[in-house]
Amino acid sequence: MRSDTSVYPALKLTILYIVSILILDAVSPEIHWPINNAIVSSLVVLTGIVLYWRFQNHFWGLFVQVTVVFFLVLGRMPDNQFQAHHVSSYLDLNQKVLVHGTVVNDPQINTQRTRFAVETDSVVFTRNLILPSSGKIQVVCFTDSTVRPAYGDRISIWGYLRSPRGSRNPGEFDFAAYAAYHGLYGVMYAGDAANIRIEGHTSLNPVTEFFILPIKHFIIELNEKTLPPLHAAIASGLIVGDRSDIPQEILNAFSYSGAIHILSISGLHVVFISLLILGLFSVLRVPYAWRIILTLISLFLYVWIADFVPPAVRAGIMTGVVLFGTLLERRTNIINSLCVSLLIILFWDPLAIFDIGLQLSFLAVLSLVIIYPRLEAWCKKRRILTERTPAVLRWVIMGLLVSVAAQIGTLPFTAYYFYKIPLTALIANVFISPISSAVMALGFLSAIVGSFSFTLAQWYAHLNDYLIGLMIATARFSVKLPFAYTQFYRMDMIVLSVYYLLLAVWFFWDRKLVRRWAVWVVIAALSVGVIFQNIPTSKKTVITFLDVGQGDACVVHLDDGRTIVIDAGDQDPQFDYGERVVAPYLWKQGITSIDALILSHPHDDHIGGAGFLLNYFNVKRVFDPGQYYPSAIYKNILNTIAEKSIDYQVLQKDRVVTFGPETRIRILHPGVSFVRSDEPPPYDINNTSLVFVLEYGENRILFSGDAETETWDALSDSGMVIKADIVKIAHHGSSNGTTAKLIQAASPAYAVISCGEGNKFGHPDLETVNAWRNAGTQILRTDQWGAVQFWLDGKSIQRTR
């Protein structure tokens with residue numbers, strides 16, 4: 001019997017290549033050699049090839065293979081050794097600069113913002129200080145019809161040049177890593193388009209500028225002219241991968257129904273386009289050889305239009321290998337083709353292995369190749385599929401099997417990245433996928449005939465309008481079902497590895513060796529898991545001050561498993577911090593129940609996200625100061641509390657709420673003279689904020705909402721002792737949120753300021769920061785640090801983030 005590596009020769013090389021990338025990335029992302037990595041690696045690779053040719057039948061041959069692949073990867077890995085005047089040297093200097101450069105991609109423009117990449121060539125600090133620069137940055141500005149940057153434009157941008165932001169909260173999307181993968185070393189938020197000036201134009205790539213981009217823009221503009229705005233955005237996403245104008249609500253509907261891949265260029269699109277073009281040339285009676293060659297050329301151009309995104313490249317290479325194999329009259333091994341396509345992509349860019357789209361695309365195809373035949377055989381064995389099965393029923397069953405196979409293969413990665421498992425995806429994709437194929441076909445036909453007849457293009461677009469509407473309605477309907485999807489936030493690498501181990505056991509079950517050892521391997525894996533789950537750990541309470549921009553939100557996870565949430569950030573039509581920050585953080589910790597939701601006072605930047613928490617978590621109790629406030633958000637929160645019969649309590653001075661033998665909160669403020677339940681308060685509403693001390697053993701943490709001078713003066717006059725290890729500085733560090741007496745009385749080791757980066761209020765106040773710092777307190781700001789986290793054991797405090 002031939003071994004798997006002889007049947008799939010590219011498989012072993014692919015595994016070695018991926019393992020080498022992961023090792024090099026994990027051990028040292030910045031490997032510096034005395035001379036260039038590529039030179040060293042090339043010599044080693046050439047030597048290794050000679051040795052392998054000589055010793056390929058011995059153990060030494062395997063060693064040489066591993067060495068060759070490792071150094072080949074090393075030669076392709078970025079070494080991050082920048083020139084002296086690289087743009088990364090000019091980041092975060094806290095002054096506005098004028099950057100000159102060239103637009104090097106097709107700008108993403110929607111109704112609100114415009115994003116594009118610029119290859120910098122100089123940075124102007126003052127009239128007399130102009131320094132050369134190299135390296136790409138991302139520029140973001142508000143969309144303005146008077147300033148429309150285009151590929152190849154020479155441009156100048158006025159603003160702050162900053163580092164790409166990393167993960168602001170535990171487990172959050174890391175934009176810095178994303179930017180590094182795309183070769184972007186800085187970010188400029190230009191704000192108004194008036195800060196951008198187009199100074200000229202240079203031709204970077206004539207094919208891109210005069211052929212590829214005009215085709216792409218023609219298709220997008222034709223969709224905008226012949227379809228309603230929403231349907232035009234969907235059509236552009238399907239055909240050319242431009243999702244910039246698709247509303248978030250629609251993206252969520254497709255994502256939660258497991259059909260988000262439809263709205264971006266993926267293998268499905270590339271294969272469909274290949275079949276469409278091949279069929280068109282067949283109708284035109286083009287000779288077979290020329291038919292294949294012209295299809296390959298068209299396929300390459302389409303992948304180019306898609307901006308060479310990894311899933312499209314993977315599908316393009318695979319399809320090209322299969323089509324080229326037909327010319328040579330040779331049968332193509334799909335798994336080998338898949339591995340070859342992945343190797344080519346990773347050779348060009350090793351970091352592409354971390355691209356989510358490439359991972360899901362690769363796994364989906366591998367699942368269809370490996371799992372689908374077994375599912376089909378199972379259905380035939382049980383006579384679910386027979387020769388007498390009606391064509392429509394056969395189509396539905398096979399569509400379900402394809403969907404099931406893809407879901408089985410990609411499920412752990414879907415849960416790992418998106419924290420959701422779409423339960424309706426199996427059924428939704430059966431209907432959405434064929435509809436999307438019809439939409440793509442009509443879209444391309446509309447584009448082809450639209451190049452010479454706008455009227456004919458409208459006819460195709462009119463039919464497409466109905467199909468796109470049906471596709472959107474299907475996605476929306478599947479999401480509204482009570483079992484549409486389930487949250488899954490605890491997927492880690494151990495669970496992921498066990499899943500694929502069990503999948504491999506199932507796949508190779510027909511082999512005697514696997515059957516002999518599989519049970520013992522599974523038992524061993526489960527035993528290790530049980531042991532790790534039951535290893536005794538020291539009791540601790542975790543306090544996390546989340547970065548919610550210009551607002552407040554804190555999660556206290558007690559040592560007995562209970563959870564307290566103190567404020568939940570802001571909420572507006574564009575962004576709900578409760579939905580986008582607080583809830584995901586809780587879910588990732590496996591928290592679905594909130595024992596106490598404390599709302600410091602009814603300002604939107606503190607309570608805005610609470611509405612989402614009330615609707616999607618089991619909230620047992622809600623506490624607030626009971627102050628009247630006529631905002632729509634606060635009214636909705638109170639209505640939700642009443643509708644769900646949640647225990648609602650008003651907290652005021654001297655109240656103590658106990659959470660177990662070691663944990664309690666002691667309310668210091670407000671007193672009855674500060675709060676009015678049916679009218680505006682006598683002081684600023686900030687002074688109705690709950691001020692309390694969270695006591696855990698010997699640890700003391702002071703929370704203060706937006707309390708101002710009047711609050712602290714009243715507490716000082718009452719003789720109340722305020723001693724704390726950690727203080728959440730009131731009112732985002734403003735000048736009226738702190739007094740000298742408070743600093744002296746509290747004398748904390750740490751003080752946390754929750755505020756938004758570059759906020760319009762100028763928070764925190766520099767004098768306030770210095771006053772706390774001069775008292776020996778370490779200042780931790782969410783606008784600079786992101787989330788701040790502490791571990792408490794009842795005696796000591798450890799800052800972990």
Practice prompt. Could you please find all residues in the stretch 615-638 being more than 23 Å from residue 584 (Cβ to Cβ), open to solvent by 30 Å² or more (accessible area, probe 1.4 Å) and either over 33 Å from the mean Cα position of the chain (by Cα) or hydroxyl-bearing (Ser, Thr, Tyr) (or both)?
Written response: 628, 629, 630
Discussion item. Out of everything in the stretch 121-167 that is in a loop (DSSP other than H, G, I, E, B) and among the hydroxyl-bearing types (Ser, Thr, Tyr), what residue ends up being surrounded by the most Cβ atoms within 10 Å (Cβ to Cβ)?
Written reply: 133
Response to the item:
residue 760: passes all of (1) in a loop (DSSP other than H, G, I, E, B); (2) open to solvent by 60 Å² or more (accessible area, probe 1.4 Å); (3) modelled with pLDDT of 90 or more; (4) not hydroxyl-bearing (Ser, Thr, Tyr) but (3)
Discussion item. On the basis of being farther than 18 Å from residue 670 by Cα, surrounded by 15 or more Cβ atoms within 10 Å (Cβ to Cβ) and charged (D, E, K, R), does residue 706 make the cut?
Written reply: no
Worksheet entry | All positions within the stretch 272-293 that are farther than 16 Å from residue 443 by Cβ and either surrounded by 14 or more Cβ atoms within 10 Å (Cβ to Cβ) or at pLDDT below 75 (or both) | 278, 281, 286, 291, 292, 293
Worksheet item: Any idea how many residues of the stretch 660-675 are in contact with a strand residue (DSSP E or B) (Cβ under 9 Å, 6 or more places away or on another chain) and either crowded, with 20+ Cβ neighbours inside 10 Å or charged (D, E, K, R) (or both)?
Response: 9
Discussion item. Among the residues in the stretch 768-777, are any touching a residue at least 60 places away in the same chain (Cβ under 8 Å) and surrounded by fewer than 23 Cβ atoms within 10 Å (Cβ to Cβ)?
Written reply: no
Discussion item. Surrounded by 15 or more Cβ atoms within 10 Å (Cβ to Cβ) and among the aromatic types (Phe, Trp, Tyr): which single residue out of 477, 454 fits that description?
Written reply: 477
Discussion item. Test of understanding: among 314, 382, which residue is of a type outside the set (Val, Ile, Thr) and closer than 24 Å to residue 293 by Cβ?
Written reply: 314
Item to complete: For the stretch 198-211, enumerate the residues that are surrounded by fewer than 15 Cβ atoms within 10 Å (Cβ to Cβ) and either of a type outside the set (A, V, I, L, M, F, W, C) or touching a Cys at 6+ places or on another chain (Cβ under 9 Å) (or both).
Response: 199, 200, 202, 203, 205, 206
Response to the item:
Sole miss for residue 720 among (1) open to solvent by 50 Å² or more (accessible area, probe 1.4 Å); (2) closer than 22 Å to residue 547 by Cβ is condition (2)
Worksheet item: Just wondering, is there one or more residues in the stretch 714-723 that are under 18 Å from residue 666 (Cα atoms), in contact (Cβ under 8 Å) with a residue 60 or more places away in the chain, in contact with a Lys or Arg (Cβ under 9 Å, 6 or more places away or on another chain) and outside any loop (DSSP other than H, G, I, E, B)?
Response: no
Worksheet entry | Counted residues, the stretch 186-219 - those being of a type in the set (Val, Ile, Thr) and at positive phi | 0
Practice prompt. Could you tell me whether any residue of the stretch 82-97 is of a type outside the set (Val, Ile, Thr), in contact with a Leu (Cβ under 7 Å, 6 or more places away or on another chain) and either part of a strand (DSSP E or B) or under 21 Å from residue 243 (Cβ atoms) (or both)?
Written response: no
Worksheet item: Does residue 687 count as farther than 26 Å from residue 557 by Cα and open to solvent by 20 Å² or more (accessible area, probe 1.4 Å)?
Response: no
Worksheet item: Checking residue 283 against (1) β-branched (Val, Ile, Thr); (2) touching a residue at least 40 places away in the same chain (Cβ under 8 Å); (3) over 15 Å from residue 362 (Cα atoms), which test does it fail?
Response: (2)
Response to the item:
Log entry, pairs with first residue in the stretch 434-449 being in the same structural domain as residue 472 (by the TED database), second being polar (S, T, N, Q) and open to solvent by less than 20 Å² (accessible area, probe 1.4 Å), beta carbons closer than 7 Å, six or more apart or on different chains, reads 439/464; 442/464; 443/464; 446/464
Discussion item. Condition (residue is open to solvent by 10 Å² or more (accessible area, probe 1.4 Å), closer than 30 Å to residue 683 by Cβ and either among the hydroxyl-bearing types (Ser, Thr, Tyr) or free of Cβ contacts under 8 Å to residues at least 12 places away in the same chain (or both)) applied to the stretch 584-601: is it met by at least one residue?
Written reply: no
Practice prompt. Identify, by number, the condition in (1) open to solvent by less than 50 Å² (accessible area, probe 1.4 Å); (2) part of a helix (DSSP H, G or I); (3) in contact (Cβ under 8 Å) with a residue 40 or more places away in the chain that residue 431 doesn't meet.
Written response: (1)
Worksheet item: Since residue 560 meets every condition but one in (1) in contact with an Asp or Glu (Cβ under 8 Å, 6 or more places away or on another chain); (2) open to solvent by 10 Å² or more (accessible area, probe 1.4 Å), which condition does it not meet?
Response: (1)
Worksheet item: When you go through 426, 467, 385, 400 one by one, which is the residue that is open to solvent by 20 Å² or more (accessible area, probe 1.4 Å), under 29 Å from residue 363 (Cβ atoms), not assigned by the TED database to the domain that holds residue 261 and not in a strand (DSSP E or B)?
Response: 400
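The values are calculated or read from the model by the stated rules, or taken from the named source; none is laboratory data. These figures come from a predicted structure and were not determined experimentally. Neighbour counts are summed over all protein chains in view; Cβ atoms, including those assigned to glycine, are modelled from backbone coordinates with ideal geometry. Surface areas here come from the heavy atoms of the whole protein model, side chains and all, with no ligands, DNA or RNA. Shrake-Rupley method; radii C 1.70, N 1.55, O 1.52, S 1.80 Å.
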